[in-house]
Amino acid sequence: MLALACGSSVATVYFAQPLLVTLGERFALGAGLLGAIVTVTQLGYAAGLLMLVPLGDLLGHRRLVTVQLGLLALALLVAGLAPGVVALLGALALVGLLAVVAQTMVAAAAALSPPARRGRAVGTVTGGIVTGILLARAAAGVLADLAGWRAVYLTSAGVTAVLAVLLRRALPPGAPSAGLREVSYGRLVASTVTLFARHPLLRIRGALALLVFAAFSTLWSGVAQPLSGPPWSLSHTAIGAFGLAGAAGAVAARAAGRWNDRGLAQRTTGAGLALLALSWLPIALTRQSLWALAAGAVLLDFAVQAVHVTNQTLIHAVRPDAGSRIIGGYMVFYSAGSGLGGLGSSLAYAAAGWPAVSALGASFSLAALLLWAATRRRSALGEPKGER
C-alpha cells in the first residue's frame, strides 16, 4: 500500500514533462521558459522536504500522511482548473510542496522494518516511486490526447483522495520519537541542517543525489522537445510511452535494496554512476534513432535508481531515530538537482539543440562519478559496519 501511494504521489511531480510543449503553447511560454514549469514544482518540493518531511519524527505517520494526501488532492484540483500561467505555476508549486508525502512514506517504511530487511523495504517502496514516475509520463500522455491536459490533474486529484482514505485505515497510528515529544517545530527543522553538518556521509550522498538527479531531469525534462518536432513529431501518448523504457529503474530499486543488505553499497554506487555516464552515448543519438533513446533511457533509469536506493539505505542507518529528517534533507539535494536539470535542459535546447542537452547531462553524470571516486574512502569510513 505504501509503494502504491508513493508512486501515485510522486507521479504528480512528473505529469508536466510530456506535456511541456502543449503547456507552453496554451500559456504562451517560449522554449527557453518551459523548464520553469519543472523548476517551480521542484522548488515547492524542496520547500516541502525541509518544512513537512521532518514532521514524520514528531507526529504519527498515519496522521501526517493522510492529511498531506488530502491537501495534495486539493492542489491537483486547482492545477487542473488553472485559468492562467500564474495560477498554474502557483498550483504546481503547491503540488511539489505536498508531494513530499512520498518521502514521509519512505521513512515510515524504513521505521516499520527490522534493520536486516530495511534495504529491501526501502527498495520496495522506492520501486513504487519509480513505477509511479514511469506511469506518470505514459498516463499523462494518454489522458492528454483523450481529454486534454487538464484531465491529467483532475484525475490524479480523485485518485489521491481515495488513497488518503485507504491509508487512513491501513497505517498504524505510530508515535513520535521519544526524545522529540517536547521539541518545537522550529528546532526540529533546524536539526535537519545540523545533522548534515555533523555527518560527512550525509553531505557526500546528498551531493551525489544532486548531480544524479540533475542528469535524470536533463533527459526527461528536455526530451519532449525533440520528440514533438521533426523528424519524429510524436503525440503526447507516444512521448509519455518512452518513459516506460525506463522500467529498468523499478528493477534496479529492488535489486539495489538486496545488494545493500549484502554489504555492497560502494560497488553498487560505482557501477551505477559508470552506467549513468555511459547512458548519454545512445541518448545523444535521439534525433537519429528512437531505439538509441530507448536504450539510453533504460541504462539511465537503472543507474539513477540503483544509486538512489543505496543513498537512502545508507543515510537512514546513520541516525535511524532521525530517519524522516535525514531523508527529507537528502531529498532537498534531489529536488535541487531536478530543478537544475529541468531549467538547464530547456536553456541548452533553446541555445544549441539536443547535442547541448546531451552534453549537459553527460557533464552532470561524469561529475557524479568523479565525486564518488574522490570521496570513496571517506564515505566508506562513515558508513555503518557491514554496509560498504
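The values are calculated or read from the model by the stated rules, or taken from the named source; none is laboratory data. What you are looking at is a predicted structure, and each value in this text was computed from that prediction instead of being measured. Positions of Cβ are backbone-derived with ideal geometry, glycine not excepted, and every protein chain shown enters the neighbour counts. Accessible surface is based on the protein model in full, side chains and every heavy atom, while ligands, DNA and RNA are left aside. Shrake-Rupley method; radii C 1.70, N 1.55, O 1.52, S 1.80 Å.
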Failed item, numbered, when Leu4 is tested on (1) over 18 Å from Ala164 (Cβ atoms); (2) at pLDDT 85 or above; (3) open to solvent by 30 Å² or more (accessible area, probe 1.4 Å): (1)
If we keep just the residues of region 9-31 that are over 18 Å from Trp220 (Cβ atoms) and in a helix (DSSP H, G or I), which is least open to solvent (accessible area, probe 1.4 Å)? Arg26
Looking at region 208-225, which of its residues are at pLDDT 90 or above and either of a type in the set (Phe, Trp, Tyr) or more than 17 Å from Gln42 (Cβ to Cβ) (or both)? Leu208, Phe213, Phe216
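Filtering region 111-132 down to residues that are of a type in the set (A, V, I, L, M, F, W, C) and surrounded by fewer than 24 Cβ atoms within 10 Å (Cβ to Cβ), which residue is farthest from the chain's Cα centre (by Cα)?
First pass over region 111-132, keeping only residues of a type in the set (A, V, I, L, M, F, W, C): 111-112, 116, 121-122, 125, 129-130.
After this cut, where a residue has to be surrounded by fewer than 24 Cβ atoms within 10 Å (Cβ to Cβ) as well, the list is 111-112, 116, 121.
Working: Ala111: 20, Leu112: 22, Ala116: 25, Ala121: 18 Å.
Ranking the qualifying residues of region 111-132, first place goes to Ala116.
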With respect to Ala82, is the statement that it is at pLDDT 85 or above, open to solvent by less than 20 Å² (accessible area, probe 1.4 Å) and out of contact with any Phe, Trp or Tyr (no Cβ under 7 Å at 6 or more places or on another chain) true? yes
Candidate set from region 226-259 (those that are at pLDDT 85 or above and assigned to a helix (DSSP H, G or I)); member that is surrounded by the most Cβ atoms within 10 Å (Cβ to Cβ): Leu227
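Residues in region 337-370 that are open to solvent by 60 Å² or more (accessible area, probe 1.4 Å) and more than 30 Å from Gln266 (Cβ to Cβ): how many?
Taking region 337-370 first, the residues open to solvent by 60 Å² or more (accessible area, probe 1.4 Å) are 340, 343, 347, 350-352, 355, 363, 366, 370.
Now restrict to residues that are more than 30 Å from Gln266 (Cβ to Cβ): 343, 347, 350-352, 355.
Residues that pass the stated criteria total 6.
Take Tyr349 and tell me if it is aromatic (Phe, Trp, Tyr) and touching a Gly at 6+ places or on another chain (Cβ under 6 Å).
Details: aromatic (Phe, Trp, Tyr): yes; touching a Gly at 6+ places or on another chain (Cβ under 6 Å): yes.
Yes: the conditions hold for Tyr349.
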